[in-house]
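Beneath this line is the structure, given in structure tokens, with notes to follow.
The values are calculated or read from the model by the stated rules, or taken from the named source; none is laboratory data. Predicted model, so just to flag it, every value in this text is computed and none were measured. We place every Cβ from the backbone using ideal geometry, glycine too, and count neighbours over all the protein chains shown. Keep in mind that these areas ignore ligands, DNA and RNA; they rest on the heavy atoms of the full protein, side chains included. Shrake-Rupley method; radii C 1.70, N 1.55, O 1.52, S 1.80 Å.
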Amino acid sequence: MRAATVSRFGGPEAVEITEVPVPDPGPGQVRIKVAAAALNPVDAAMRAGVFGGTGERIGLGWDVAGTVESVGTGVQWSPGDRVIGLATGHRTPLGTHAEYAVLDADAIAQAPVTLDDAHASVLPLNALSAAQALDMASLQPGQCLLVTGAAGGVGAHTVELAHHRGLTVTALASPQDEQFLRARGADHFLSRDETIPPAAFDGVIDAAVLGDMALAPVRDGGTYIGVWPGQEPTPERGIRIGALDVRADGALLAELSALADRGTLQARVAETFPLADAASAHARLAKGRLRGRLVILP
């Protein structure tokens with residue numbers, strides 16, 4: 001089968017389409033025939049060598065939507081089940097940007113019935129990140145949350161889920177995103193060109209990785225949650241600092257899939273690329289200014 005991998009680090013040109021054996025599922029695993037797989041910034045970071053692995057061949061892709069083709073022992077899923085899932089791991093030989101992928105059975109969930117494969121594939125990493133970041137923040141209904149980078153993949157889902165959980169949500173993004181974010185549940189909007197009020201929020205989820213700039217708006221004793229481990233600011237004023245390390249969670253993903261079917265979560269696809277053009281997809285990602293994720297279609 002074909003898979004997108006890197007054997008050297010660099011820009012989009014480092015992405016290779018290689019022929020590899022079709023993987024077999026082990027105990028507690030399933031093999032998925034990939035229908036669509038989102039391209040995320042973490043894939044660009046892997047390609048560039050941020051997570052190491054010099055001399056290794058590294059597979060790209062974390063998100064997947066497709067159909068269960070075969071299962072290992074001790075698995076409840078059946079061939080033909082339409083699923084989404086998250087394959088975490090920064091230095092694995094095979095990711096989801098491939099014709100087939102093997103995932104742990106507890107890392108997948110039924111795909112939203114209202115979404116096609118491309119849109120379903122953009123949910124796992126971003127929606128799980130948003131939900132787990134909110135869990136880490138531990139805010140109560142009525143408390144005030146600031147979401148930076150609110151128009152991005154993680155940020156927009158954070159706004160939606162925070163609204164769903166009863167928080168008072170302020171979204172920080174570009175002015176052109178205000179209407180979209182208010183429609184997705186933001187109670188208040190701040191342009192990233194505006195001065196952010198100091199010490200005005202019970203917590204911040206810093207999807208834009210602003211660091212110290214996103215710490216100042218948090219009240220004394222509040223909470224800061226970053227989405228890129230190692231980039232969080234130094235604690236001050238009794239503020240609790242956390243950094244998300246997203247994990248696969250099929251049970252939570254099933255809840256998020258149901259929320260997508262109910263319209264609480266909106267999946268956004270900016271553009272699709274065939275697997276053979278994965279390098280072009282990486283080049284487009286590098287240009288930025290995307291509203292929605294790029295998706296690889298094997």
Unit charges on C-beta of K, R, D, E only; dipole of the chain, Debye: 280
Starting from the range 45-131, pick out the trypsin sites (Lys or Arg not before Pro) whose DSSP state is loop and whose Cβ has at most 13 other Cβ atoms within 10 Å. 91
Extension reserve of the residue 176-residue 262 stretch, reckoned as 0.36 nm per residue once the Cα distance is removed: 28.4 nm
Computed for the range 191-252: size of charge dipole around the Cα centre, +1 on C-beta of each Lys and Arg, -1 on C-beta of each Asp and Glu, debye to nearest 20, value 120
Compute the distance in nm between two label points, each set 7 Å from the Cα along the Cα-to-Cβ direction, one at residue 183 and one at residue 67. 3.3
Figure the gain on full extension for residue 114 and residue 51 (residue separation times 0.36 nm, minus the Cα-Cα span) and round it to one decimal in nm. 19.1 nm
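Return the carbon/sulfur percentage of the accessible area of the chain, one whole number, probe 1.4 Å, all protein chains in place.
Carbon with sulfur: 50 percent of the solvent-accessible area.
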With the chain treated as a Gaussian network of Cα nodes joined by springs under 10 Å, which of 223, 234, 96 yields the largest mean-square fluctuation? 234
With both bridge residues required to lie in the chain, what share of the DSSP beta bridges run antiparallel, to the nearest 5%? 50
Which value at 222 nm does the chain reach when only helices count, each DSSP H run of 4 or more adding -39,500 (n - 2.57), with the total divided by all residues and rounded to the nearest 500 deg cm²/dmol? -7000 deg cm²/dmol
So with the 1.4 Å probe, I'd like the accessible area per residue for the range 67-122, rounded to whole Å². 43
Tilt relative to the chain, helix 153-164 - C-alpha long axis, 0 to 90 degrees, to 10: 60
Subtracting the Cα-Cα distance of residue 138 and residue 291 from 0.36 nm times their residue separation yields 52.3 nm
Residue-by-residue Karplus 3J(HN,Hα) for the range 222-234, coefficients 6.51, -1.76, 1.60, Hz, glycine and proline x: x, 9, 10, 10, x, 10, 9, x, x, 9, 6, x, 6
Where only protein heavy atoms count, and the probe is 1.4 Å, what is the accessible area per residue for the range 203-298 in Å²? 46
In a Gaussian network model over the chain where Cα atoms closer than 10 Å are linked, find which of 58, 84, 196 has the largest mean-square fluctuation. 196
Quote the charge dipole size of the range 26-172 about the Cα centre in Debye, to the nearest 20; the model charges only the Cβ of Lys and Arg (+1) and of Asp and Glu (-1). 200
Using 7 Å Cα-to-Cβ label points, what is the residue 195/residue 13 separation (nm, one decimal)? 4.7
Going from most exposed to least, what order do 157, 188, 119 have by accessible area with a 1.4 Å probe? 188, 119, 157
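Which order do the peptides 126-139, 235-248 take when ranked by the mean count of other beta-carbon atoms within 10 Å per residue, highest first?
On the way: 126-139: 22.5, 235-248: 15.5.
Ranking, from highest mean packing down: 126-139, 235-248.
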